[in-house]
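Q: Can you keep this structure in mind? I'll have questions shortly.
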Amino acid sequence: MITVIIVVIIIFIIISQPKRKKYIKNTPKPNVTEEKPKIIREYNEEFSENKLDNSKVTMASSKINYDDSIIDITEQSYKIKSSNLLKKNINGVPFWAHNYIYSYTELNAASNEQKKFYNIFKTSFLNGEYFDLEGNTNYAFILLFDLLNEYDSHKDISKLESQLKNLGQCYPKTKSYGVSFLIEKMELDGYSDDVTRLREENRNSYQNYNSNYDYDYWRLGSKYKTKLNLNDEEVNLLNRLWYPSNNFCGIEFCCLEVLKLFIAVISELKAKYELDGTTIEKEFLFVADVIARKHFKYRIGSQNYKYSIESTTNEFYSNVFKHCENAVREFYGHKRKLNTDTYYTNEEAKSEFESKIISKVLVLLPSLISKVAKPDEATELNLNSQTTSRWKIKFEELTTNFKSNSSDFIQAIIELGNLNKKNPSIENIFFEASKFISKYDKVASLTLYVHYLYHDLKSASFDNKQLTKTIQKSLFKTNEQLHDFEQIVSELIKDKDLNKAVNAVPKIYEVKRKKIQLDRTTIKDVQQQHSGTVKLLNEYLRDDFEDESNSIQSQEINSEEIKIEIIQKNQVCHHSAFLSELSLNHIQISILELFSKNNFLILQSEIEDFVKSKGVFKNQVIESINEACFEVLDDVLIEEENDYYTIIPGYFQKISAK
């Protein structure tokens, strides 16, 4: 009887004890930093796996961040640190259903409300104020990629590490991803000591991250399996790569062609190794071993050595991918290339990598690049907007193959202009074409020069390039012809009617059938009697033509050149709060100031109303600002997002005067 009582007491004590959660090492922990997403599920989806009532699941961060439960991992326990850093946004958080987030460009698919909140969220984050996202973690992942992109400009690894650490602490779902991306950046830029430190600090979460196949949804193979009709081997190959987030691969057509070329190169590389009696796996392993021992100085068999072999092998594939992308860039006339240099300082490691891998890839590329598809029209438009001088390739082809057919040449130049309508330097196409054709056809030359003036006048920065000696030598034989052309230009400035101006050009050279013969003696008498009238007539016949808003002056520079100068009388100086080398005019500066006052997000209609009041065109002003700032940013400053224009705050700071 006593025994029974003792057993009952023991059972009662066991039942009354609080239950402790136990997880096997490397098993994802719900509500901490390592859940198992198939891209970032809703919180209610996570809890539904445990068959909880979804209606009882609270989305508030206070319920999640203040969990002080104890978690045991392989006989060791620790306390989850709670966070009270998150603040509620007064206006709430626009709902954003979780989807696949591959890069910062995924923000383009967001609504205007979501984009506006993201700009506020990012600015607040950088200022040390962290919002409760209420389960809308897409914002945090967009910010993750945004910070990674900004690192490529500022190259401050300590700043990036601090930012990603804060991001991971406030939004734990990003932590393991942030650590992985940070290590990848450090490896690429040669921070080997920091790589070792981070791996030690984050060993459990980072190894679990790399071993979990579910994370492959962020990889290229999984995304494009259907679109490229990939087999399993090709999917696994592309899943070794991170999604490229640069502007070139941001054009999907370009990205797909690079992927196809990469697959073809790896296939040919495997065949080449097999002919040499080896395999790609053996060759990559051999080089990775040399790098681990010689460059990193890891001991064979150590944990760092093992991880280095795996990560370095993936770096080989990434480097091959960069060479493929550079080949496609060159094939498409995109002048900027990716840096393919390695950070290996050990000469043996560098030599083995170059001789056993890269040298073979460079031999294969010339024969495989011919299979890459030519850009479609949409891709041409995007490529021309990214590389403003890309038009010169096609222009050189047109001038080289010119067969004295002026009408065909004009049409080809107009078509080239259409493919460059997003290019802020579009007017230069017509100016160069006018100069080229001047020695063959006067009407064609002036027609193209009118096109040049039309696009130049639409731009916010009026360059007013001058025609050179072709004006006097081959275009204008009489002063009357010159003045007729000045009249056409003056009317074009007033009404911006391109077709009217183009149709008027041939009339300059029409033969005047009726001529007035004046007796010189009579003229002399009239001159004396009506000196005022003659003075007025001389004003009309002088080499300068003026209207209410513009002054057109033709001036003989030397015996071989005439300069036509169009001066807009209402131009005023405007002191700029931006970098002097940008040479921004008052309209451009005013627009940038509007962005600053509106949190870098403005409706396109508001910009259009503003520029209309200034007598210019919205698209040309925006493009001219982007062109002026491109050399400083190496990227587009003002981006179009649905009904809005937006500026990345960090870019705005870069162009501001210090």
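Taken together, the values in this text are just the output of simple stated rules run on the coordinates, not laboratory data. Note that the structure is predicted; figures quoted are calculated from it, not measured. Note that we place each Cβ from the backbone using ideal geometry, even for glycine, and neighbour counts take in every protein chain shown.
Q: What ranking do 377-383, 609-615 get when scored by the average of other Cβ atoms within 10 Å per residue, highest first?
A: Numbers: 377-383: 17.0, 609-615: 13.3.
Final packing ranking: 377-383, 609-615.
Q: Now a separate question. So for ILE393, ILE426, fewest C-beta neighbours within 10 Å to most, what's the order?
A: ILE393, ILE426
Q: Can you pick out the pairs among LYS322/LYS435; LYS394/LYS465; LYS115/LYS185; LYS270/LYS422 whose Cα atoms lie more than 32 Å from each other? Don't skip to the end; give the middle numbers.
A: Numbers: LYS322/LYS435 39 Å; LYS394/LYS465 22 Å; LYS115/LYS185 27 Å; LYS270/LYS422 42 Å.
With Cα atoms farther than 32 Å apart: LYS322/LYS435; LYS270/LYS422.
Q: Just to be sure I understand the model, the point goes 7 Å from the Cα along the line to the Cβ. What's the resulting GLU348 to LYS612 distance in nm?
A: Reported label-point gap for GLU348 and LYS612 is 7.3 nm.
Q: Mind listing the long-range amide H neighbours of GLU641? Cut-off is under 5 Å, sequence gap 5 or more, other chains count too, H placed in the peptide plane at 1.01 Å from N.
A: Answer set, sorted by chain and number: THR646.
Q: What ranking, highest mean first, results for peptides 265-272, 339-346 when packing means the other Cβ atoms within 10 Å averaged over each residue?
A: Most protected by this proxy first, the peptides run 265-272, 339-346.
Q: Still on this model: When a footprinting reagent is the concern and you count Cβ atoms within 10 Å, what order do HIS586, HIS323, HIS154 take, fewest first?
A: HIS154, HIS586, HIS323
Q: Then there is this: Output ³J(HN,Hα) for the range 337-346: one whole-Hz value per residue in order, computed from phi by the Karplus curve 6.51 cos²θ - 1.76 cosθ + 1.60 with θ = phi - 60°, and x for Gly and Pro.
A: Karplus values, whole Hz, x for Gly and Pro: 10, 6, 7, 9, 5, 9, 9, 5, 8, 6.
Q: Quick one: net charge of ASP289's neighbours, Cβ under 13 Å, K/R +1, D/E -1?
A: Surrounding charge for ASP289 is +2.
Q: Still on this model: For an R0 of 45 angstrom, estimate the FRET efficiency from the Cβ-Cβ distance between LYS421 and LYS155 and round to the nearest 0.05.
A: Approximately 0.85, to the nearest 0.05.
Q: Sticking with this structure for a sec: Order 404-411, 254-261 from most to least packed using the mean count of other Cβ atoms within 10 Å.
A: For the peptides 404-411, 254-261, the packing ranking is 254-261, 404-411.
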